[in-house]
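Undergrad: After the C-alpha cells below, expect a handful of questions from me.
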Amino acid sequence: MKLIFLGPPGAGKGTLAVRVKELLNAPHISTGAIFRDAIAAGTPLGLKVNAIIESGKLVDDETTIALVKERLAQADAQDGYILDGFPRTIAQAEALAAFSPVDTVVNFDIPDAGVIERLSGRRVCRKCGFNWHKTFNPPKRENICDKCGGEVYTREDDKPEAIAKRLEVYREQTAPLIDFYRKKGRLIDIDASPMVDQILESFKEKFPPQKRA
Ligand code: AMP
C-alpha cells in the first residue's frame, strides 16, 4: 500500500510510521530524515540544505522531488511505502502523482497548541534517530538514548523561532494539500492529539488487515 502521512510538523507522523511500517511491511521514507542524514554526512546535498532546514523553511521543490523520485525507484519501495513529510507543496503532490500515484493519504489532525508542546519538548537521538520527549517519554539517563546509547539533542528547527516559521510554512504551503487529496477521494482523517498507542489503534481500525495488503 502506498501511503502519505500528511500533517503539521510535530503531529507524530514519524512516530506512528515507525510503529506501522512492520504492519504494512513497507519502508518508512522521511524526507526530513534523508536531509538530516545528508547534513550529518556532509554531502553536497547536506551542505546545500543545512541553513534552509535550520531556519524552518522548505527545501526547493526541484531538489526534493528529484530525491524522492530516486528513493521510490529503489527495490524496497515497489510494493508500497509510507511517505512522511512529502509532499509538502502542491507542486510536489502533482509530481508524485505522475511518477508514483498513492493509494491513501492519512491526514494527522492536531491543533497548533499540541504541535508546539510536542516540538518544543522533542529530543532526538543523533545516532538512531529515535524521538524522545522531555516530559512524555524521556530517556532514563539525561541526553543519552536508551535504545543505542547515542546522544539525545534538540533539533535546531525545534527551537521556538523555527517552530513558529514551520507552522506558518505548513499553513501556507502544505495545508492546501488536505483539500487537494480530499477532492480526489484519497484522504482519511486521524485524530493526532492522543498518545501514539491510541493513534495506532485508530489507524488499525481504519486499516484492518485485509485492507493493508
Ligand atoms: P521534517 O523532519 O519532516 O519536519 O523535515 C525537516 C525539514 O526538512 C523541513 O522543515 C524542511 O526544511 C525540510 N523538508 C522535509 N521534507 C520536505 C519537503 N517535502 N519539501 C521541502 N522541504 C522539506
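Since every read-out is calculated from the coordinates, none of them should be taken as a lab result. As the structure is a prediction and not an experimental result, all values here were calculated from the model.
Undergrad: Among all the lysines, which ones have a C-alpha under 28 Å from K204's C-alpha, if same-chain residues fewer than 8 places away are not counted?
TA: Filter leaves K2, K13, K21, K134, K147, K183, K184.
Undergrad: How big is the C-alpha Rg of the range 51-168 next to the rule-of-thumb value 2.2 N^0.38 Å, as a ratio?
TA: Compactness ratio reported: 1.23.
Undergrad: Additional query: Rounded, prolate or oblate: pick one for the range 113-163, where a ≥ b ≥ c are the square roots of the eigenvalues of its C-alpha gyration tensor, a/c under 1.5 means rounded, and failing that, prolate if a/b is larger than b/c, else oblate.
TA: Note, shape of the range 113-163 comes out prolate.
Undergrad: When we measure straight from the Cα of K57, which aspartates and glutamates land under 19 angstrom away, once same-chain ones fewer than 8 places off are left out?
TA: List returned: D37, D84, D112, E156, D157, D158, E161, E168, E172.
Undergrad: What is the range 157-201 by shape, rounded, prolate or oblate, if you read a ≥ b ≥ c off the alpha carbon gyration tensor as root eigenvalues and call it rounded for a/c under 1.5, prolate for a/b larger than b/c, and oblate otherwise?
TA: In terms of gyration-tensor shape, oblate.
Undergrad: Next question. What's the center-to-center distance, using Cα atoms, between the range 1-66 and the range 115-190 in Å?
TA: 11 Å
Undergrad: Rounded to two decimal places and with Rh computed the Kirkwood way over Cα pairs, what is Rg over Rh for the range 38-100?
TA: Radius of gyration relative to Kirkwood radius: 0.98.
Undergrad: Sticking with this one: Starting from the Cα-Cα distance between R171 and A75, subtract it from 0.36 nm times their residue separation and give me the gain in nm to one decimal.
TA: Stretched out fully, the R171 to A75 stretch lengthens by 31.2 nm.
Undergrad: Here is a follow-up. Take every Cα-Cα pair in the chain and report what % of them are more than 23 Å apart.
TA: It works out to 45 percent of all Cα pairs.
Undergrad: Right, another one. Just check the range 102-187 against the gyration tensor rule for me: Cα atoms, a ≥ b ≥ c as the square roots of the eigenvalues, rounded for a/c under 1.5, and otherwise prolate or oblate depending on whether a/b exceeds b/c.
TA: Prolate, because a/c is 1.5 or more and a/b exceeds b/c.
Undergrad: Next question, about the same structure. Which aspartates and glutamates, if any, have their Cα less than 16 Å from the Cα of K140, not counting same-chain residues under 8 positions apart?
TA: E151
Undergrad: For the chain, what is the mean residue ellipticity at 222 nm derived from helices alone (per DSSP H run of n ≥ 4: -39500 (n - 2.57); sum divided by total residues; nearest 500 deg cm²/dmol)?
TA: It lands at -13500 deg cm²/dmol.
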